[in-house]
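Here's the structure we're looking at; comments come further down.
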Amino acid sequence: MNRIAIISDIHGNIPALDAVMNDITKRDIHKIYCLGDMVGKGPHSEIAVDRVREHCDVVIKGNWDDSITLKHEHETMLWHQKRLGVHRLDYLRSLPFSIHFWMSGKLVRLFHASAESVYKRVQPWDSMEERLAMFNNTESTGFPEIEPDMVGYGDIHNAYIQNYRGKTLFNVGSVGNPLDLKLASYAIIEGELDSGDQGSVSTQIVRVPYDIELSIKQAVDENMPELEAYIKELRTGKYRGLKD
């Protein structure tokens, strides 16, 4: 059996990334895949990119990874761009939209946000039509002969697993900016990798505690923009855009 760890949405939070990587090393993990959004929000986008490039077998593009490479005048985006530098920005531009592979007879597809775009957000409470559209073959995903049996994604910072109509949709949550529980999150998928033969396959969500106050201290020490909103999200596990 092969075990793949799937991480996403690190957002420059290195204590959280370290905690997740330490947890992964304790398990019999064969590969690590990253579903994007290494950068932004937290203070150390550049370290997150370098660590992911070093340790992950597959990396795909998130909405922050895409938007940070564009021309900006906003102070926050310029701050993160400066820390990343030219070569890391070029790397982010080169990332693929999605990947797919066989796992114990199931076709698995991974992307950051949806089958349509890195910017289209799909929540677990959205309509059945919206959630089933995650399994569509689109111009962004490409058109293999069949649609996937399993789809995993990041983006919403809210981990879950849902099964319906013979398909499995799962969200791996966020390593560095979880907005459901105040714990770093990732997923493990287990089965026979690259096998089209039917066999056992499983998916689980893993929650990992990390030093939130250290993450906050690092952001404070770097005099990061939008600091108070970031601190609130880490300490409460609630999205900054929600009203109290």
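The values are calculated or read from the model by the stated rules, or taken from the named source; none is laboratory data. Quick caveat, the model's predicted, so the values are computed rather than measured. Note that each Cβ is placed from the backbone with ideal geometry, even for glycine, and that neighbours are counted across all protein chains shown. With ligands, DNA and RNA removed, areas are computed over all heavy atoms of the protein, side chains included. Shrake-Rupley method; radii C 1.70, N 1.55, O 1.52, S 1.80 Å.
If you scan the range 204-223, which residues turn out to be under 22 Å from the mean Cα position of the chain (by Cα) and within 13 Å of residue 12 (Cβ to Cβ)? Within the range 204-223, 215, 216, 218, 219 qualify. In the set (1) closer than 26 Å to residue 197 by Cβ; (2) outside any loop (DSSP other than H, G, I, E, B), the condition left unmet by residue 77 is number (1).
For the range 92-106, the count of residues that are farther than 18 Å from residue 169 by Cβ, open to solvent by 10 Å² or more (accessible area, probe 1.4 Å) and part of a helix (DSSP H, G or I) is at least one. Within the range 198-220, residues that are in contact (Cβ under 8 Å) with a residue 40 or more places away in the chain reach partners that are in a loop (DSSP other than H, G, I, E, B) and of a type in the set (S, T, N, Q) with beta carbons closer than 9 Å, at six or more positions or on different chains, in the pairs 198/104; 199/104; 200/104; 201/104; 210/13; 215/13; 218/13; 219/13. When restricted to residues that are outside any loop (DSSP other than H, G, I, E, B), touching a residue at least 40 places away in the same chain (Cβ under 8 Å) and either open to solvent by 70 Å² or more (accessible area, probe 1.4 Å) or not charged (D, E, K, R) (or both), the range 222-241 contains 4.
Can you say whether residue 48 is farther than 16 Å from residue 218 by Cβ, in contact with a helix residue (DSSP H, G or I) (Cβ under 7 Å, 6 or more places away or on another chain) and buried (at least 24 other Cβ atoms within 10 Å of the Cβ), as far as the supplied structure shows? No: the conditions fail for residue 48.
With the structure loaded, tell me whether residue 201 is among the hydrophobic types (A, V, I, L, M, F, W, C), at negative phi and under 20 Å from the mean Cα position of the chain (by Cα) or whether it fails that test. No, not satisfied.
Give me the residue from the range 162-206 that is touching a Pro at 6+ places or on another chain (Cβ under 9 Å) and buried (at least 16 other Cβ atoms within 10 Å of the Cβ) and, out of that set, nearest to residue 41 (Cα to Cα). Only one residue tops the list, namely 176. The residues of the range 53-71 that are over 30 Å from residue 189 (Cα atoms) and either assigned to a helix (DSSP H, G or I) or open to solvent by 50 Å² or more (accessible area, probe 1.4 Å) (or both), listed by number, are 70, 71.
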